[in-house]
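Notes follow once the structure below has been shown.
The values are calculated or read from the model by the stated rules, or taken from the named source; none is laboratory data. All of these numbers come straight from a predicted model, not from anything done at the bench. Counting neighbours? That spans all protein chains shown, and the Cβs are built from the backbone with ideal geometry, glycine included. We work out accessible area using only protein heavy atoms, side chains counted, and drop any ligands, DNA or RNA first. Shrake-Rupley method; radii C 1.70, N 1.55, O 1.52, S 1.80 Å.
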Amino acid sequence: MDAYLGGLVRWLSYVGVKSWHSCDGHGKEKPYIAMHNEQHSNITNNLLLRATSIERIGVAKGMVKGQYNLLKTQLECRFGLLPEWASGRLKCAKAKELEAWGKAFVTAPTLEAVFNKSDVS
């Protein structure tokens with residue numbers, strides 16, 4: 001069984017929500033936890049939905065952080081230590097801005113051109 005699903009089943013049992021069967025899907029199907037009664041089933045479904053949403057948010061934030069780190073490293077390698085204005089723009093940037101600046105970086109002759117040339121739509 002998947003460690004995440006197994007941990008969830010153990011935690012649910014610890015707080016008094018008993019399951020009678022669970023399966024991680026073996027990589028082919030959606031994982032599930034079968035509960036003893038409808039109330040426990042509703043509790044589990046709500047927890048799983050929230051966990052999935054939180055996981056998606058975490059993955060998205062991690063992707064933006066990765067884009068930020070890569071672009072910052074590339075800019076510093078090419079143009080040297082970043083001035084405060086450039087660092088500030090990078091720190092506040094959304095994923096689309098980071099992607100556009102990453103593309104502009106390839107051909108921009110100066111640091112200013114990276115931020116001015118990019119088409120963020």
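Can you run down the residue pairs with Cβ atoms below 8 Å, 6 or more apart or on separate chains, where the first is in the range 70-84 and in contact (Cβ under 8 Å) with a residue 12 or more places away in the chain and the partner is surrounded by 12 or more Cβ atoms within 10 Å (Cβ to Cβ) and not in a helix (DSSP H, G or I)?
Correct list of pairs: Lys72/Leu82; Leu75/Leu82.
Report the residue count in the range 96-121 for those that are under 21 Å from Lys61 (Cβ atoms) and either touching a Ser or Thr at 6+ places or on another chain (Cβ under 6 Å) or open to solvent by 90 Å² or more (accessible area, probe 1.4 Å) (or both).
Initial filter on the range 96-121 (under 21 Å from Lys61 (Cβ atoms)): 96-102, 120.
Next cut, either touching a Ser or Thr at 6+ places or on another chain (Cβ under 6 Å) or open to solvent by 90 Å² or more (accessible area, probe 1.4 Å) (or both) only: 96, 99-101.
Looking only at that region, the number is 4.
It is to be established whether one or more residues within the range 82-95 are at pLDDT 90 or above, under 17 Å from the mean Cα position of the chain (by Cα), surrounded by 14 or more Cβ atoms within 10 Å (Cβ to Cβ) and among the hydrophobic types (A, V, I, L, M, F, W, C).
yes
Identify the residue in the range 64-81 that is in contact with a helix residue (DSSP H, G or I) (Cβ under 7 Å, 6 or more places away or on another chain) and open to solvent by 30 Å² or more (accessible area, probe 1.4 Å) and, among all such residues, is modelled with the lowest pLDDT. Working first, answer last.
Looking only at the range 64-81, we keep the residues that are in contact with a helix residue (DSSP H, G or I) (Cβ under 7 Å, 6 or more places away or on another chain), and these are 64, 67-68, 71-72, 74-75, 79.
The next check asks that each one be open to solvent by 30 Å² or more (accessible area, probe 1.4 Å); those that pass are 64, 67-68, 72, 74, 79.
Numbers: Val64: 88, Gln67: 93, Tyr68: 93, Lys72: 96, Gln74: 95, Phe79: 96.
Here the answer is Val64.
State yes or no: is Tyr14 at pLDDT below 75, open to solvent by 50 Å² or more (accessible area, probe 1.4 Å) and in contact with a Cys (Cβ under 7 Å, 6 or more places away or on another chain)? Please lay out each step first, then the result.
Values: at pLDDT below 75: yes; open to solvent by 50 Å² or more (accessible area, probe 1.4 Å): yes; in contact with a Cys (Cβ under 7 Å, 6 or more places away or on another chain): no.
No, not satisfied.
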